[in-house]
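Enquirer: Dropping the structure in here first, questions after.
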Amino acid sequence: MKLVKDLSALYEAIAAVQELYLPVENKGRVDFKLYEAGANVDIKTLKTVRSAKDFFFTQTETLMGFKVEGKNIEVEDLRPEVRPFVAFGVRGCDARSFEVLDKVFLVDPVDTVYEARRKAGTVVTLACGRPEETCFCTNFGITPEAPAGDVTTWLTEEGLYWQANTDKGEALTAAIAAVFTEGDGKAVEEQKKAISDIIAKLPLANLDMTHLEGVKEETFWGHPVWKDISETCLACGTCTYVCPTCQCYDVRDFDCGNGIERFRCWDSCMYSDFTRMAHGNNRNTQDQRCRQRYLHKLVYFPRRNEGMFGCVGCGRCVAKCPSKLNIVKVIKALGGK
Amino acid sequence: MQIEKKPLIVAFCCNWCSYAGADLAGTNRLNYPANVKIIRVPCSCRVNPLFILKAFQRGADGVIICGCHPGDCHYTTGNYYARRRITLLFSMLSYLGIEKNRVRLEWVSAAEGAKFAATMQSFAEEIAELGECKRLEDLRCKK
Amino acid sequence: MQRIGVFVCHCGTNIAGTVDVKTVAEMLGKEPGVVFSTDYQYMCSEAGQTLIQDAIKEHNLGGVVICSCSPRMHEQTFRKACAKAGLNPYMVEVANIREQCSWIHKDVAEGTEKAVILGRAAIAKVHLNAPLTAGESPVVKRALVIGGGIAGMQTALDIADAGFEVDIVEKNATIGGKMAQIDKTFPTLDCSACILTPKMVDCAQHEKINIYAYSEVEDVKGFVGNFSVAIRKKARYVDETKCTGCGICTEKCPVKNIPNEFNMGMDNRRSIYIPFAQAVPKIATIDPNTCNKLKTGKCGVCSKVCGAGAIDYTQKDEIIRREYGAIVVATGFNMIDMTKFDEFGYAQSKDVITSLEFERLTNAAGPTGGTLLRPSDGKHPHTIVFVQCCGSRSTTENGKPYCSKICCMYTAKHAMLTREKYPDTDVYVFYIDVRTPGKNFDEFYRRAVEQYGVHYVKGMVGKVAPRADGTLHVQASDLLAGEQLHIDADLVVLAGAIEPDKSARGLATKLTASMDTNDFFTEAHPKLRPVESPTAGVFLSGVCQGPKDIPETVAQAGAAASKVIGLLVKDKLTCNPCVAQSDELLCNGCSGCEHVCPYGAITYETKEFMQFDRSMKPRRVASVNPAVCQGCGACTVTCPSGAMDLKGFSNRQIMAEVDAICK
Amino acid sequence: MQEMIKSKLAELLSTGAVTKVIGWKRGENFYDVSPAAFESVESLADFVYDDFCGANLSKFLVKEPGKESKVAVVLKPCDTFSLNQLIKENRVNRENIFVLGVPCEGKLSEEKMRVMGIVGLTGCKVEGDKVTVETLYGTETLDKNDVLLTKCATCHSKKHVIFDELIGETGEDSDVDRFVGVAELEAMSEDERYEFWRNELSRCIRCNACRNACPACTCEKCVFDNDASGVAAKSNANSFEENMFHIIRAYHVAGRCTDCGECSRVCPQHIPLHLLNRKFIKDINTFYGDFQAGADAESEHPLVHFTENDPEPSIVKEGK
């Protein structure tokens, strides 16, 4: 099995062939950043604050422009130039989230910006050495001990074990072949076992989801949990912005003086002006908005996508909600045991 | 027509004192840099911090607010409120590391044409020294 | 998008000399929304105005930008011209390319570029302009004067003489004010009562003047032209319509030991009283705090002796609500409390008196019948010390930072009169500075020093200490001689600082008129609008605005009256349409705007708003009275949600100008 | 303590004195405490008051109907300042609120534990100034001071400024110098400050948690959400928008911010937003005299007030 002993050599090698993004620590908080020599890389911390969806679906993205000169308007294509890149250190939950996003952005009509990024990106996942109490990815069939991705890696005492899973992964492996040595892979098996042992102890690892299977869209509409949650939901966008699968966006125009830039940016179904249309808004109260957010992930999305939930159990909302409201509470309140 | 881009200065002037002071500077043919552009507001208390930030966003390199001398406000008290608001805003900008000389508040009466011109001259020089405002720029507006 | 016309003026060579006006017109013609652009020699000339008017009609313009001289010069001209062509005058903006461009720049390229940018800013603003209509409000043709001293009386008389009805509200039982207590006036030394009391009678007899004596303002609602004022007419327990002022009751009342306010407490009055002989209205008043009948139910002497049957122990305060177009504040002043100044010994000795007490001691109608006698033992004083600036120009806690203005002159008057009537007295005046700016003032002061031999000593009295023998030991410094003085005085007279009447503060709140830190009312403009308060329709007369002497007070009273008359002759007031307006849907009800409004133009009311779940929720929201708002915009910046905006200078308009300038 | 509070709340609900209680509810684990509404005595079974009740509940009163029914709210000392300020600004109707004051010894932050690298949290015990944390990976003993919420580490008062009833005793204003952090930044050069704030604000994801949790940010519609305002934005397109949002937000609450620290507590990116608000508080204290927003419900806030002798803005350049 391929093994990397010197991690910085690995980073340098990847950065030499493609843009490399990886978790970087900044005052105790870890987020994906473009690698640069001397960066404070932190692949021990389990979860980045922002999810890995930024790689393919960035928070703001300029789409087109209108150049105004006097009375003339000229349309410009301002879509970003996408270069090949490597997303390193992605966890299993985030890796699954890309599949969720694909179901939205790669179906007709295909989102060309997303598609370009998806094609350009090689995902290198990292097994979750130390799962946390907020994790519940196993409920969605994710294997944190052996996450999916173009390449899967395990960080062990010996070094980083490396396993290419796809053509893209193989290509990357070949491009940086010099950094690898061979390892016996025993440490990987040990780690997998250790992770499984921890997962058995995780409080949220075994949620009862049976009540969500095959239900009709309106099944839970009148459920009291929506009012309960909305009482103290602050209507901020934290859950949606740290969520790896939230995919809603708004398209807006920015007046730059000499023209207009049309861009898209993340939107949040927690916001009062979400889906506001000319006639008004069809969801006007916070309980309706909360219902939309959770049922979208738990009922509407699976109904349309062969049962795939719109949640990957990363637990970011569990950790970050200012009011400690989250999808686990909703799953339980809806009738799970 | 296109002249090299000089630092751009936006001056908010109250209608009753400073705008009249600017007019007097003109009447007396007192020269000050053309990159100073004046916006007329009823009173210095009409200047919203948003306007100041917006000016920087749009590419201004310096913003100056001019009002009646304290005690002489046409609306009696407007400039006193303006003074507090603007002091706090300036302090905050400096706290965020925005060069503190990029913003200024001056009291210019309708009789102080010479002071108006001299103030604009000195402010323009100060801004020229600081150069382009990079710390509050929005590149979308600079294309 | 507006259809905008741009008109670039050459102003002869004033603009065209350093700005290429043709290029400016051409460049601005390319701006979005501009459908017509031209230049002309003199835009403000009749031909120029016609050109604009024709273009408005021909091109169906919805907005006009004029690049010319300062809007302070010709904005009104152009607005009127456009209005004649059927365009709303507030759809016109002026780009100042003369005073703020052509006149200050020498380089044509530079001037032209700047003119284009200023033009663009005006175009950007016009795009967001909305037609505004000046509102009108009717004017109630009656004025209210608060305070019946010489200031209030003079104002009332002047307004009434112009044919308008005036009500005077006076909190005391009689009008007349402080001037009624004064013996003689400087610098002419004519008798105060002789010139004042005829005016009091004039007020009483004037068919347009109505006096509410013994009354106070309870509350004020409304705004310029339309004030609604509640007046509390305090119970006198005497029927005004019946009382003849004969005074028998005031002689028979058994409660005899009430300090007489009119004589500064230096003699006594009865519980039922008429303040002084020439009081207007001359009606008896029962002091409810001391009347036996009202306190205990036992007595009733006055009722028995009253031939007119005017006594009514059951009388109650009465609230009268009346409408006024204008309000004049003439609340006057009082001397500050001298007991707080230990060094002057005012509280320790009866022979340390204030100047106003001295006035009463020398007045023929005063407690001593006009003979100067020591209050303690009734003996003739031989050495009198006058101390000036007692609490004036003082930075101490008990003092006032300002100069009380009248003390130098009345002290000279007191000293002079004393020396004239009692040449055997030694008179000292201690002063910091002697201030005599006024017609014949310095001559008057010099007469006191040179002809009457008054000892003027520059220096301050450090201590006044009563001695066992009844004399007062005055310790003072003579700054010019550089020595300490010790004077054994028989009488010490303190020229105390004057301060606004205590009632003024509460009144200012009711009127939403502003005050300075000393509780003097502030003027709308200290130089240019000295008799108007910043609150439209509220005017200032007399010392309530700042210390002044009688001639100044009368002059200001007349000025205030003329302002009131100027207001009341109008049938309707036209409001400035560039006023603030509040968006109820955005208003949080925080009252920030209300606090910063210098005019009291913002009021709050609680309204119910439908929530998305169809329930109703009450919320306080601001509304602006456009007749009162002057359009400063202080409220707009205080408002975090942007609910408050200013018409004509809206957030969006100013930001559009910023954007255009920075483009 | 918790039981005393619970029984008082039960009494209020059962007697009909209030129809609703706003308090905290126990969730999945020791730190999972969420603000919650309780409308029946039975529902109070989940009520909790412990070391993790950091949330300021006064904000939730803004959406109460403000008429007819009465709501009880459980407030820590710092939270009462916020309520006072809300009452002053007419955002909450005092008559409809029953304030139950509860004492506070400083609340803990599990996020701080995570930042310290302590993960897999399963249990926690506080004994004196030590905190013992159970995790999936072992047990850790920590100094309580190290895991206090940032706002609690610089607590400005343990005194309840408004309450109808107290459980336990109210405390005193603290003498902790809460402006140390601001002073440190002031002592830096302009460039250093710029770098500091760039690093902090560039992490902002514009989730609006700071704004929505802030008891001073109660606008019916925020300027940043209002398309008609000219400054609306849903995301930070660049550094300017990051600066703009945070400057204006701090500015709009200047003189009204009670320093409750919710902004920093809720920020998912741990941006020390309170340092912006505290800068304004410090400036106001220095320039215009000491002022504590929310200390009473009457005093005029410094930005709707002035004196003729206020310092000129040039004081900023002179660097006080």
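Enquirer: Do we have D:ASN226 as away from chain A (no Cβ under 14 Å) and more than 16 Å from D:GLY181 (Cβ to Cβ) here?
Expert: Criteria not met by D:ASN226.
Enquirer: Which of the residues belonging to segment C:394-438 are among the charged types (D, E, K, R), in contact (Cβ under 8 Å) with a residue 60 or more places away in the chain and either touching a Cys at 6+ places or on another chain (Cβ under 8 Å) or more than 17 Å from C:PHE520 (Cβ to Cβ) (or both)?
Expert: Here is the first cut: in segment C:394-438, the ones among the charged types (D, E, K, R) are C:397, C:400, C:405, C:413, C:419-421, C:424, C:426, C:433, C:435.
Subsequent filtering for residues that are in contact (Cβ under 8 Å) with a residue 60 or more places away in the chain retains C:400, C:405, C:413.
Correct list: C:LYS413 only.
Enquirer: OK, next. Within segment A:238-262, track down each residue that is in contact with an Asp or Glu (Cβ under 8 Å, 6 or more places away or on another chain) and buried (at least 24 other Cβ atoms within 10 Å of the Cβ).
Expert: Passing the criteria: only A:PRO244.
Enquirer: So C:ALA160 passes all but one of these: (1) more than 14 Å from every other protein chain (Cβ to nearest Cβ); (2) in contact (Cβ under 8 Å) with a residue 60 or more places away in the chain. Which condition number does it fail?
Expert: Unmet for C:ALA160, out of (1) more than 14 Å from every other protein chain (Cβ to nearest Cβ); (2) in contact (Cβ under 8 Å) with a residue 60 or more places away in the chain: (2).
Enquirer: Right, next: For segment B:70-85: of the residues being more than 7 Å from every other protein chain (Cβ to nearest Cβ) and under 15 Å from the mean Cα position of the chain (by Cα), which is surrounded by the fewest Cβ atoms within 10 Å (Cβ to Cβ)?
Expert: Ranking the candidates gives B:ALA82 first.
Enquirer: What number of residues within segment D:72-93 are in a helix (DSSP H, G or I), under 12 Å from D:PHE60 (Cα atoms) and among the hydrophobic types (A, V, I, L, M, F, W, C)?
Expert: 2
Enquirer: Sticking with this one: State the number of residues belonging to segment C:628-648 that are in contact with a strand residue (DSSP E or B) (Cβ under 9 Å, 6 or more places away or on another chain), facing chain B (nearest Cβ under 10 Å), farther than 23 Å from D:GLU220 by Cα and touching a residue at least 60 places away in the same chain (Cβ under 8 Å).
Expert: 0
Enquirer: Right, something else. Considering only residues that are assigned to a helix (DSSP H, G or I) and either of a type outside the set (Lys, Arg) or within 33 Å of the chain's Cα centre (by Cα) (or both), which ones fall in segment C:256-314? Outline the logic, then answer.
Expert: Going residue by residue through segment C:256-314, those that are assigned to a helix (DSSP H, G or I) are C:261-263, C:292-296, C:301-305.
Result: C:GLU261, C:PHE262, C:ASN263, C:ASN292, C:LEU294, C:THR296, C:VAL301, C:CYS302, C:SER303, C:VAL305.
Enquirer: Also, I was wondering about something else. When you scan segment D:94-139, how many residues do you find that are surrounded by fewer than 17 Cβ atoms within 10 Å (Cβ to Cβ), assigned to a loop (DSSP other than H, G, I, E, B) and away from chain A (no Cβ under 14 Å)?
Expert: 4
Enquirer: Working carefully through the options B:VAL63, B:VAL47, B:VAL36, find the one that is surrounded by 24 or more Cβ atoms within 10 Å (Cβ to Cβ) and touching a residue at least 60 places away in the same chain (Cβ under 8 Å).
Expert: Sole residue among the options that is surrounded by 24 or more Cβ atoms within 10 Å (Cβ to Cβ) and touching a residue at least 60 places away in the same chain (Cβ under 8 Å): B:VAL36.
Enquirer: Would you point out the residue of segment D:282-302, among those that are closer than 30 Å to D:GLU95 by Cβ and among the hydrophobic types (A, V, I, L, M, F, W, C), that is nearest to the chain's Cα centre (by Cα)?
Expert: D:ALA293
Enquirer: Looking only at segment D:1-26, which residues are among the polar types (S, T, N, Q) and either within 18 Å of D:SER69 (Cα to Cα) or surrounded by 22 or more Cβ atoms within 10 Å (Cβ to Cβ) (or both)?
Expert: D:SER14, D:THR15, D:THR19
Enquirer: State all residues of segment C:604-615 that are over 44 Å from the mean Cα position of the chain (by Cα) and surrounded by 12 or more Cβ atoms within 10 Å (Cβ to Cβ); if no residue qualifies, say none.
Expert: C:GLN611, C:PHE612
Enquirer: Still on this structure, I have one more. Among the residues of segment C:574-581, are any at pLDDT below 90, buried (at least 20 other Cβ atoms within 10 Å of the Cβ) and more than 21 Å from the chain's Cα centre (by Cα)?
Expert: Yes, segment C:574-581 contains a residue that is at pLDDT below 90, buried (at least 20 other Cβ atoms within 10 Å of the Cβ) and more than 21 Å from the chain's Cα centre (by Cα).
Enquirer: What's the total number of residues in segment D:150-173 that are touching a Ser or Thr at 6+ places or on another chain (Cβ under 6 Å) and exposed (fewer than 15 other Cβ atoms within 10 Å of the Cβ)?
Expert: 1
Enquirer: Looking only at segment D:156-184, which residues are of a type in the set (A, V, I, L, M, F, W, C) and over 30 Å from D:LEU12 (Cα atoms)? Before you say what the answer is, go through the steps one by one.
Expert: Applying the first criterion (of a type in the set (A, V, I, L, M, F, W, C)) to segment D:156-184 yields D:161-163, D:166-167, D:176, D:179-180, D:182-183.
Across segment D:156-184, the qualifying residues are D:VAL176, D:PHE179, D:VAL180, D:VAL182, D:ALA183.
Enquirer: With respect to C:ASP317, is the statement that it is in contact (Cβ under 8 Å) with a residue 60 or more places away in the chain, touching a Pro at 6+ places or on another chain (Cβ under 9 Å) and surrounded by fewer than 16 Cβ atoms within 10 Å (Cβ to Cβ) true?
Expert: Against the criterion (in contact (Cβ under 8 Å) with a residue 60 or more places away in the chain, touching a Pro at 6+ places or on another chain (Cβ under 9 Å) and surrounded by fewer than 16 Cβ atoms within 10 Å (Cβ to Cβ)), C:ASP317 does not qualify.
Enquirer: In addition: If you check B:GLU137 against the conditions, is it modelled with pLDDT under 95, more than 7 Å from chain D (Cβ to nearest Cβ) and surrounded by fewer than 24 Cβ atoms within 10 Å (Cβ to Cβ)?
Expert: no
Enquirer: I'm checking my understanding of the structure. Among residues of segment D:234-254 that are within 14 Å of chain A (Cβ to nearest Cβ) and of a type in the set (Phe, Trp, Tyr), which one is farthest from C:CYS639 (Cα to Cα)? Let's see the steps before the verdict.
Expert: Filtering segment D:234-254 for residues within 14 Å of chain A (Cβ to nearest Cβ) gives D:234-242, D:244-245, D:249.
Filter once more, so that each one left must be of a type in the set (Phe, Trp, Tyr): D:240, D:245.
Details: D:PHE240: 23, D:PHE245: 16 Å.
Of everything passing the filter in segment D:234-254, D:PHE240 is farthest from C:CYS639 (Cα to Cα).
Enquirer: What is the number of the single condition among (1) in contact with a His (Cβ under 9 Å, 6 or more places away or on another chain); (2) over 28 Å from D:ASP177 (Cβ atoms); (3) at the interface with chain A (Cβ under 9 Å from one of its Cβ atoms) that D:CYS210 does not meet?
Expert: The failed condition is (2).
Enquirer: With A:THR240, A:THR245, A:THR232 as the choices, which residue is free of Cβ contacts under 8 Å to residues at least 60 places away in the same chain, more than 14 Å from chain C (Cβ to nearest Cβ) and polar (S, T, N, Q)?
Expert: Residue meeting the stated conditions: A:THR240.
Enquirer: Let me ask something additional. Go through (1) at the interface with chain B (Cβ under 9 Å from one of its Cβ atoms); (2) closer than 25 Å to C:PHE227 by Cα; (3) among the charged types (D, E, K, R) and name the single condition C:ARG620 misses.
Expert: (1)
Enquirer: For the structure I just gave you, tell me whether A:TYR294 is farther than 21 Å from D:CYS267 by Cα and surrounded by 22 or more Cβ atoms within 10 Å (Cβ to Cβ). Break it down into steps so the answer makes sense when it comes.
Expert: Details: farther than 21 Å from D:CYS267 by Cα: yes; surrounded by 22 or more Cβ atoms within 10 Å (Cβ to Cβ): yes.
Spelling it out, A:TYR294 is indeed farther than 21 Å from D:CYS267 by Cα and surrounded by 22 or more Cβ atoms within 10 Å (Cβ to Cβ).
Enquirer: I'd like to verify a number: residues in segment D:68-96 that are among the β-branched types (Val, Ile, Thr) and touching a residue at least 60 places away in the same chain (Cβ under 8 Å), how many? Give the steps one after another, and end with the answer.
Expert: In the first step, residues of segment D:68-96 are kept if they are among the β-branched types (Val, Ile, Thr); the result is D:71, D:73-74, D:80, D:87, D:92.
From what's left, touching a residue at least 60 places away in the same chain (Cβ under 8 Å): D:74, D:80, D:87.
Summing the residues that are among the β-branched types (Val, Ile, Thr) and touching a residue at least 60 places away in the same chain (Cβ under 8 Å) in segment D:68-96 gives 3.
Enquirer: Go through C:LEU144, C:LEU128 for me and flag whichever is in contact with an Asp or Glu (Cβ under 6 Å, 6 or more places away or on another chain) and at pLDDT 95 or above.
Expert: After applying the criteria, what remains is C:LEU144.
Enquirer: Going by what's in this entry, would D:SER235 be described as outside the structural domain of D:LEU61 (by TED's automatic domain parsing), surrounded by fewer than 19 Cβ atoms within 10 Å (Cβ to Cβ) and either under 22 Å from A:PHE263 (Cα atoms) or in contact with a strand residue (DSSP E or B) (Cβ under 7 Å, 6 or more places away or on another chain) (or both)?
Expert: No; evaluated as a whole, the condition is false for this residue.
Enquirer: Right, something else. Among the residues of segment A:305-337, which ones are part of a helix (DSSP H, G or I), more than 20 Å from the chain's Cα centre (by Cα) and either on the phi > 0 side of the Ramachandran plot or among the charged types (D, E, K, R) (or both)?
Expert: Within segment A:305-337, A:LYS329, A:LYS332 meet the criteria.
The values are calculated or read from the model by the stated rules, or taken from the named source; none is laboratory data. Every value quoted in this text rests on a predicted model; they were computed, and no experiment measured them. Positions of Cβ are generated from backbone atoms using ideal geometry, with glycine treated the same way; all protein chains shown enter the neighbour counts.
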